[in-house]
Amino acid sequence: MATSYILISPCRDEADYMRRTLDSVVAQSVTPAKWIIVDDGSTDATPEILSEYAAQHDWIQVVTKPNRGARAVGPGVIEAFYFGVEQVDLSDYDFSCKLDLDLDLPPRYFEILMERMNANPRIGTCSGKPYVRRGAELVSERRGDEMSVGMTKFYRRACFEDIGGYVREVMWDAIDCHKARQKGWIAVSWDDPELRFEHLRPMGSSQTSIYHGRRRHGFGQYFMGSDPLFFAATCVFRMAEPPYVLGGLAMAQGYIASWLRGDRQLDDPELRKFIRAYQRRALFKGKSRAVAEIEAERADLLRGHAL
């Protein structure tokens, strides 16, 4: 069974959260073969904390990226991720994971993901589900089963190579799953209790404000080529979570503003067409059925592929 995996973690100013992530990875039932942590210009206690853990665990390697002057989500995160990739040869590992440093993972998290991927060679990327703390309880972030989540992107090496890695733009963490499915792979996340993890910073937030983050998400959906009617339904769905109503409206604002400006879109017309066709099918049949049909239709695409 393939069990060699590498983690690559871009980070900047994560001192408030990172010890819980570091401790939860150290406690994993299957230890990573390597963990590259890219300090992307931190100005808080992040470097000192990283040095402490790297001194205790020889499989943790900290690399410092030149400071760009500010936190940058989307393309900035992927830029830092690839700075980490440059330090290693990904072909030395069966699996790779882009892992954020604001998570608290259950102890068998990576073991279970690898077990499931080994059992089904078509699974190209997978994850558990993020939960956020609201008062005394953990609440699901309600991420779809058809995507692996961006804060813990676990990939089979062959799939990551096949899709050409991540695009350096907002919505990279949805584009990759659509690209994988287009090529015949399965992208999935599971809400099993042993795969639920706590997300210490709410998804869709921003260094500016959560509304800025939601507008950025709207731009990302436009960039990806999302169908307008499907995205309108998504905005309504997100109105039912904090910040209530206004968060969904901010997402719509970001999409419409990008459309009116004629902003650039993903330079892959066939993938944009594939995404819109899936979304329209999902509107009428539901996501689960739409995904199942696409997976069945494209099952033969991986024949002869080195899985």
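No lab work stands behind these numbers, since they all come straight from the coordinates. Everything quoted here is computed from the prediction, not taken from an experiment. When we count neighbours, we look across all protein chains shown, and the Cβ atoms used for this are built from the backbone with ideal geometry, even at glycine.
Observations
- Summarising the strand pairing of the chain, around 35 percent of its internal DSSP beta bridges are antiparallel.
- Among Glu293, Glu161, Glu270, the largest mean-square fluctuation in a Gaussian network model of the chain, built with springs joining Cα atoms closer than 10 Å, belongs to Glu270.
- Ordering His178, Tyr255, Ala2 by Cα displacement along the dipole of the chain toward the positive end leaves Tyr255 in first place; charges were set at the Cβ atoms of Lys, Arg (+1) and Asp, Glu (-1).
- Of all the options Ala296, Ala15, Ala136, the one that moves most in a Gaussian network model of the chain with Cα springs shorter than 10 angstrom is Ala136.
- Cα gyration tensor shape for region 210-261, rounded if a/c is under 1.5, else prolate or oblate: oblate
- Relative contact order, percent, the chain [alpha-carbon distance under 8 Å, six or more residues apart]: 17 percent
- Rounded to the nearest Hz, the phi-derived 3J(HN,Hα) couplings of region 92-105 under the Karplus curve 6.51 cos²θ - 1.76 cosθ + 1.60 (θ = phi - 60°) are 7, 10, 6, 9, 9, 9, 8, 10, 7, 9, 10, 10, 10, 8, where x marks glycine and proline.
- A simple charge model with +1 on the Cβ of Lys and Arg, -1 on the Cβ of Asp and Glu and nothing else charged puts the dipole of the chain at about 1320 debye relative to its Cα centre.
- Using θ = phi - 60° in the Karplus curve 6.51 cos²θ - 1.76 cosθ + 1.60, the 3J(HN,Hα) couplings for region 170-176 round to 4, 6, 3, 7, 10, 4, 4 Hz; x is entered for Gly and Pro.
- Extreme residue, positive dipole direction of the chain, given options Ile210, Val88, Leu200 (C-beta unit charges): Ile210
- For Val62, the residues whose modelled amide H falls within less than 5 Å of its own, excluding neighbours fewer than 5 places apart on the same chain, are Ile37.
- Simple spin-label estimate for Lys287 and Asp267 in nanometres, 7 Å along Cα-Cβ: 3.0 nm
- Taken one residue at a time, the phi angles of region 231-248 give Karplus couplings (6.51, -1.76, 1.60, θ = phi - 60°) of 5, 4, 5, 4, 4, 5, 4, 6, 5, 8, 10, x, x, 3, 6, 5, x, x Hz. Gly and Pro are set to x.
- Helix-only arithmetic for the chain: the sum of -39500 (n - 2.57) across DSSP H runs with n ≥ 4, divided by the residue total, places the mean residue ellipticity at 222 nm at -13000 deg cm²/dmol.
- For Cα extents along the principal axes in Å, computed directly from the structure shown, the correct entry in (1) 67, 48, 26; (2) 91, 44, 32; (3) 53, 47, 38 is (3).
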